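Right, one structure below, let's go through it.
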């Protein structure tokens, strides 16, 4: 059984598309995501949509938890990270935040 494990996509759409192009070439039996779909880059909605559309089981990363309001930003001491998190929170629509939370919640049920 071939399993693809991904993590740390951090709202980077271009990298996410490149990763999935390679994964699709390899045709794994299963894909698992270890979280951190959001943070650092400008496309959280698109990255979350790709993961949801593919039905990939996902663990909630610390960046995902912070964006959903489930974890404080205290995991970092850099003000720059807080600024990026503020930007991501604004970019990630309320509807998407709810969907992302449910994505991680659904995985817990499996």
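Read-outs: derived from the displayed coordinates by stated rules, not from any lab. Worth saying up front: this structure is predicted, and the values here are computed from it rather than measured. With ideal geometry, Cβ positions are generated from the backbone for all residues, glycine too; neighbour counts draw on all protein chains shown.
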Want the number for residue 2 to residue 32: 0.36 nm per residue separation, take away the alpha-carbon distance, what's left?
9.7 nm
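If R0 is 22 Å, what FRET efficiency do you get for residue 46 and residue 72 from their C-beta distance, rounded to 0.05? The partial results should precede the final answer.
Numbers: r = 26 Å, r/R0 = 1.19.
Using R0 = 22 Å, I get an efficiency of 0.25.
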Ranked list, fewest to most other Cβ atoms within 10 Å of each Cβ, for 16, 58:
16, 58
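Based on the mean of other beta carbon atoms within 10 Å per residue, what is the order of 1-13, 20-32, most packed first?
Details: 1-13: 16.3, 20-32: 11.8.
So the peptides 1-13, 20-32, ranked by packing, come out 1-13, 20-32.
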Does anything in the range 45-73 have its amide N under 12 Å from the 7 Å Cα→Cβ label point of residue 23, and if so which residues?
47-59
